[in-house]
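The values are calculated or read from the model by the stated rules, or taken from the named source; none is laboratory data. Nothing here was measured: the structure is a model prediction, and the numbers come from that model. Note that we place each Cβ from the backbone using ideal geometry, even for glycine, and neighbour counts take in every protein chain shown. Accessible surface is based on the protein model in full, side chains and every heavy atom, while ligands, DNA and RNA are left aside. Shrake-Rupley method; radii C 1.70, N 1.55, O 1.52, S 1.80 Å.
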Amino acid sequence: MTDIKSLNLAELTAALKNLGEPQFRAKQIFVWLHKGVRGFDAMTNIPKQLRDRLNADFYVTAPELASRQVSAEDGTLKYLWRLGDGETVESVVMSYNHGNTICISTQVGCRQGCVFCASTLGGLVRNLAPSEMLDQVLFAQSDCGKRISNIVLMGIGEPLDNFDNVLRFLELVSHADGLNIGMRHISLSTCGLTEKIDKLGDLGLQLTLSVSLHAPDDATRGGIMPINRTHNVAELMDACRRYFAKTGRRISYEYAMIDGVNDTAEHARRLVKLLRGSGSHLNLILLNDVAERPLKPSRRENADAFTKILGSGNINFTFRRRLGRDIDAACGQLRRKTK
Ligand code: SAH
């Protein structure tokens, strides 16, 4: 059985040709799949005989909505989806003045082991298929009744650790006959898999690359992000420079401020040195609570002193609001729920 929604239009066309079907059928089916139908029988302009043949060779993924939570503070929505094999992932829909953004998961669990993040607690279970990433957008949109205009690959998982499926998802979600969400409305976040950053850069996509930096030096970063032990800060910054040179897209760095860990004046000064002149943007956020982790967000006075140093160092930065914290939907709080 083949996961039909993970096919692109060319593959779908070839598959239908194999069944002796004309080319226009592929486009009809593609359009239905990208509308979020739950099966072939909903495809009313496809003859019954063909639907039966499709049912024999292909399946249509459609997650079950296991739970939906709404933040009383800011209206952020968190979805827990149950996938075909019973595994679960979460997605979050946030509303801003400029539109609605969905944060999607790319893997069931995560193997990166960042010490401040809930997503990695049970390790990696499996990659998500392209269809399973697309489904988060399709089914959240139909549930919430609002048009989703932006996508961030910042939920559970490391997108560049599921490279081929993520790329296929990007192709599908930006397709003119599908959801048609342009690359400039998509952000992909990575903890810093440098070889994959190079590979992505070669494609010259116009998406925004977000890099989870969280510390300007190897001692600090290596202590909280295991990836830094094999791909250190210097290598990461080199890969980011190459990426910027190839794509012309400025990079966003993420920095979660953790009390006593990465928030001293010395860290701020090193960060200035590291980012000065790179044409990048820094997103600061206060660490969100993760019950299993002893780490705390920076104290206000330390965060203020930190940002003052960044300001006088001419670093381009934003202090981000933390949305959905009352429902554990904020950065680093998403997790796989066990059955
Ligand atoms: N694996 C990718 C995608 C996850 S994005 C990556 O690491 O970038 C999720 C973002 O939330 C990352 O920037 C991550 O470092 C950050 N994050 C993780 N735990 C957090 C926490 N407790 N508080 C604030 N941000 C956190």
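Of all residues in the stretch 1-43, those being assigned to a helix (DSSP H, G or I), open to solvent by 20 Å² or more (accessible area, probe 1.4 Å) and aliphatic (A, V, I, L, M) number 6.
Residue under question is Val115, and the condition is that it be in contact (Cβ under 8 Å) with a residue 40 or more places away in the chain, more than 16 Å from Thr338 (Cα to Cα), in the same structural domain as Asn288 (by TED's automatic domain parsing) and within 12 Å of the ligand (Cβ to nearest atom); does it hold?
Working: in contact (Cβ under 8 Å) with a residue 40 or more places away in the chain: yes; more than 16 Å from Thr338 (Cα to Cα): yes; in the same structural domain as Asn288 (by TED's automatic domain parsing): yes; within 12 Å of the ligand (Cβ to nearest atom): yes.
Answer is yes for this residue.
Among the residues in the stretch 137-154, are any within 18 Å of Leu7 (Cβ to Cβ) and within 13 Å of the ligand (Cβ to nearest atom)? For the stretch 137-154, residues within 18 Å of Leu7 (Cβ to Cβ) and within 13 Å of the ligand (Cβ to nearest atom): absent. Determine, yes or no, whether Thr220 is away from the ligand (no atom under 11 Å from the Cβ), crowded, with 17+ Cβ neighbours inside 10 Å and farther than 28 Å from Ile186 by Cβ. Answer is yes for this residue.
If you go through the stretch 179-196 and keep only what is more than 15 Å from the chain's Cα centre (by Cα) and open to solvent by less than 20 Å² (accessible area, probe 1.4 Å), you end up with just Thr194. Within the option set Asn162, Asn180, Asn100, being modelled with pLDDT of 95 or more, part of a strand (DSSP E or B), in the same structural domain as Ala256 (by TED's automatic domain parsing) and of a type outside the set (Asp, Glu) holds for one residue only, Asn100.
Can you tell me which residue is modelled with the highest pLDDT among those in the stretch 74-97 that are in a strand (DSSP E or B) and small (Gly, Ala, Ser)? Explain how you work it out, then say what you get.
Within the stretch 74-97, the first condition is being in a strand (DSSP E or B), and the residues that meet it are 77-82, 88-96.
Then drop every residue that is not small (Gly, Ala, Ser), which leaves 91, 95.
Values: Ser91: 98, Ser95: 94.
Here the answer is Ser91.
Do we have any residue at all in the stretch 207-214 that's of a type in the set (Ser, Thr, Tyr), in contact (Cβ under 8 Å) with a residue 24 or more places away in the chain, within 16 Å of the ligand (Cβ to nearest atom) and open to solvent by less than 10 Å² (accessible area, probe 1.4 Å)? Yes, there is a match, as at least one residue in the stretch 207-214 is of a type in the set (Ser, Thr, Tyr), in contact (Cβ under 8 Å) with a residue 24 or more places away in the chain, within 16 Å of the ligand (Cβ to nearest atom) and open to solvent by less than 10 Å² (accessible area, probe 1.4 Å).
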